[in-house]
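The structure appears right after this line, and notes come after that.
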Amino acid sequence: MSKEDEDEIEKSSAPLMEHLIELRRRLMWSIGGFFVAFLVCFFFAKQLFNLLVIPFQWATDWAGLDPTKVDLIYTAPQEFFFTQIKLGMFGGLVLAFPIIATQIYKFIAPGLYRNERAAFRPYLIATPVLFLIGASLVYFFFTPMVMWFFLSMQQVGPDNEVQISLLPRVSEYLGLIMTLIFSFGLVFQLPVATSLMTRAGLLTADGLASKRKYAIVAAFVAAAILTPPDPVSQIGLALPTILLYEVSIWLARRVERKRAVEEAEREAEPSGDESSAAAE
């Protein structure tokens, strides 16, 4: 640890009460940002819900049906109202995430060394970007595929057969798409989590590689728990999880190589005693 880093940490040290006051300030900013984002999303809840119904319309078109005749129902008077509240909270959390992440970083940054802060910042950018990639995959591909799978179970044959049609409830459809978005968004954080744990020395690339077969089984188990009980969404979540696990191993090896180079450079630098002896 350099003298400059020690001085920086010493300046950032504060009594417990000051830390609690700072924590309260950060929490107030986070809650305030979420509340404002919630109000905005709740005000446009119907428009947002119509936007989330578009993948259902794509699936209806794929099934050979009229995409303009997509119907959703609610069976309780208060159901659609609470659905809009849930949608407002969902959208508010997504919109307020940059504010929340920034407040978390500002709270922990004074306790980090300068190089640790520089290493931490890219993860603040990578986290929402990876979440959006996972959410986009759900919106543009997996939700239409899942709804097409469910629509294919309809029975709309000859008149002598019982007509069985899919009429989803608004709350159930929103719950389905929110579950898929959160599941894929969390899975896409795997490279970020493993890279941070490798930097902290909690994981190694060889350790991750040796547990590959267990990770594959865990990916399918997690997909079975987090997604609806249909093979399309379960396989659709398990395969990207396995691919991201391989990416995590590659990133862990990069982190270890970079750490080895930094340690070699640190050992090659002359210590303070050697420098003073050389000067004499």
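Can you spot a residue in region 268-276 that is of a type outside the set (S, T, N, Q), modelled with pLDDT of 80 or more and either crowded, with 16+ Cβ neighbours inside 10 Å or more than 16 Å from the chain's Cα centre (by Cα) (or both)? Within region 268-276, not a single residue is of a type outside the set (S, T, N, Q), modelled with pLDDT of 80 or more and either crowded, with 16+ Cβ neighbours inside 10 Å or more than 16 Å from the chain's Cα centre (by Cα) (or both).
In region 157-182, the residues that are closer than 30 Å to PHE131 by Cα and not assigned by TED's automatic domain parsing to the domain that holds PHE81 form Cβ pairs under 7 Å with partners that are at pLDDT 90 or above and small (Gly, Ala, Ser), at six or more places apart or across chains, as follows: ILE181/ALA135.
Within the bounds of region 161-174, is there any residue that is among the aliphatic types (A, V, I, L, M) and farther than 19 Å from MET147 by Cα? Checked region 161-174: at least one residue is among the aliphatic types (A, V, I, L, M) and farther than 19 Å from MET147 by Cα.
Inside region 174-204, can you point out the residues that are touching a helix residue (DSSP H, G or I) at 6+ places or on another chain (Cβ under 7 Å), at pLDDT 85 or above and hydrophobic (A, V, I, L, M, F, W, C)? Within region 174-204, LEU174, ILE177, MET178, LEU180, ILE181, PHE184, VAL187, PHE188, LEU190, VAL192 qualify.
Would you check if ILE85 is hydrophobic (A, V, I, L, M, F, W, C), at pLDDT 90 or above and out of contact with any helix residue (DSSP H, G or I) (no Cβ under 8 Å at 6 or more places or on another chain)? So ILE85 fails the test. Within region 196-214, the set of residues being under 10 Å from ILE249 (Cβ atoms), aliphatic (A, V, I, L, M) and surrounded by fewer than 19 Cβ atoms within 10 Å (Cβ to Cβ) comprises just one member, ALA209.
Here region 27-42 is the region considered, the condition is being buried (at least 18 other Cβ atoms within 10 Å of the Cβ) and out of contact with any Gly (no Cβ under 7 Å at 6 or more places or on another chain), and the residue that is nearest to LEU95 (Cα to Cα) is GLY33.
Restricting to region 123-146, name every residue that is over 30 Å from LYS258 (Cα atoms) and either over 21 Å from the mean Cα position of the chain (by Cα) or not aromatic (Phe, Trp, Tyr) (or both). Can you show your working first?
At the first step, the residues of region 123-146 found to be over 30 Å from LYS258 (Cα atoms) are 135-146.
Of everything in region 123-146, those that are over 30 Å from LYS258 (Cα atoms) and either over 21 Å from the mean Cα position of the chain (by Cα) or not aromatic (Phe, Trp, Tyr) (or both) turn out to be ALA135, SER136, LEU137, VAL138, THR143, PRO144, MET145, VAL146.
Only one of the listed residues (PHE120, PHE90, PHE149, PHE82) is within 22 Å of the chain's Cα centre (by Cα), in the same structural domain as GLU22 (by TED's automatic domain parsing) and touching a residue at least 40 places away in the same chain (Cβ under 8 Å). That residue is PHE90.
This table checks each residue for (1) under 30 Å from LYS86 (Cα atoms); (2) out of contact with any Ser or Thr (no Cβ under 8 Å at 6 or more places or on another chain).
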site	(1), (2)
SER183	yes, no
ASP206	no, yes
ILE235	yes, yes
ALA260	no, yes
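Against the condition under 18 Å from the mean Cα position of the chain (by Cα), at pLDDT below 85 and buried (at least 16 other Cβ atoms within 10 Å of the Cβ), how does THR227 come out, does it pass? Taking the combined requirement at face value, the residue satisfies it. Being modelled with pLDDT under 90, in the same structural domain as SER152 (by TED's automatic domain parsing), farther than 21 Å from SER136 by Cα and assigned to a helix (DSSP H, G or I): is that true of ILE21 here? Yes, satisfied. For ALA135, the conditions (1) of a type outside the set (S, T, N, Q); (2) free of Cβ contacts under 8 Å to residues at least 24 places away in the same chain; (3) under 19 Å from TYR173 (Cα atoms) all hold with the exception of (2).
The values are calculated or read from the model by the stated rules, or taken from the named source; none is laboratory data. Being a predicted model, the structure only gives us computed values, none of them experimental. Please note: Cβ atoms are built from the backbone with ideal geometry, for glycine as well, and neighbour counts cover all protein chains shown.
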